[in-house]
Amino acid sequence: MKTFSVGFIVILFVASLAWTAHALTSPVSAITHFFAQPVDAATAQVRLTWSVPNSQNFTGVKILRRSGGSCPSTAYDSAAVVVYDGNGTSYADATVSPATTYCYAAYAHDARPVYASGVSASV
């Protein structure tokens with residue numbers, strides 16, 4: 001009499017959904033009162049100021065700059081330069097040249113980051 005041993009390996013795949021607080025919160029609101037003002041022609045600086053949104057999931061502001069006539073079109077505009085990414089309410093851009101027109105766009109974002117609609121200002 002022969003004895004056969006058959007072993008079974010059972011692999012159980014469990015699909016799970018990772019629920020986070022982000023899935024249940026509303027999108028971050030756009031920043032307001034965004035201004036770009038030249039500080040001094042001799043120092044070639046532009047002072048940027050804004051008000052952050054009153055959203056519980058707000059984590060920061062990303063500001064992009066383009067020279068010439070057009071403003072950055074999205075928070076991912078590859079033709080724009082990121083000049084600021086933080087959670088403050090002002091910034092002095094000292095990387096500009098005199099006699100050049102600049103357009104800035106500011107986008108509030110959450111931690112993922114998902115960006116709110118942008119606001120723009122020219123100087």
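The values are calculated or read from the model by the stated rules, or taken from the named source; none is laboratory data. These numbers were taken from a predicted model, which means no experiment stands behind them. Reconstructed Cβ throughout: ideal geometry from the backbone, glycine too, with neighbour counts over all protein chains shown. In case anyone asks, the SASA skips ligands and DNA or RNA and just uses the protein heavy atoms, side chains included. Shrake-Rupley method; radii C 1.70, N 1.55, O 1.52, S 1.80 Å.
Things to note:
- Failed condition for Arg112, given (1) in a strand (DSSP E or B); (2) open to solvent by 20 Å² or more (accessible area, probe 1.4 Å); (3) more than 18 Å from Ser70 (Cα to Cα): (1)
- Criterion violated by Ala105 - all others in (1) surrounded by fewer than 20 Cβ atoms within 10 Å (Cβ to Cβ); (2) part of a strand (DSSP E or B); (3) under 13 Å from the mean Cα position of the chain (by Cα) satisfied: (1)
- The set of residues from segment 93-123 being hydrophobic (A, V, I, L, M, F, W, C) and closer than 28 Å to Gln56 by Cα comprises Ala105, Ala106, Ala108, Ala111, Val114, Ala116, Val119, Ala121.
- Selection status of Val83, at pLDDT 95 or above, in contact with an Asp or Glu (Cβ under 6 Å, 6 or more places away or on another chain), within 17 Å of Phe35 (Cα to Cα) and of a type in the set (A, V, I, L, M): yes
- Residues within segment 77-92 that are over 10 Å from Ile63 (Cα atoms) and either in contact with a strand residue (DSSP E or B) (Cβ under 9 Å, 6 or more places away or on another chain) or not polar (S, T, N, Q) (or both), tallied: 7
- The listed residues are Val39, Val61, and the only one of them that is closer than 16 Å to Ala121 by Cα, touching a strand residue (DSSP E or B) at 6+ places or on another chain (Cβ under 6 Å), of a type in the set (A, V, I, L, M, F, W, C) and modelled with pLDDT under 95 turns out to be Val39.
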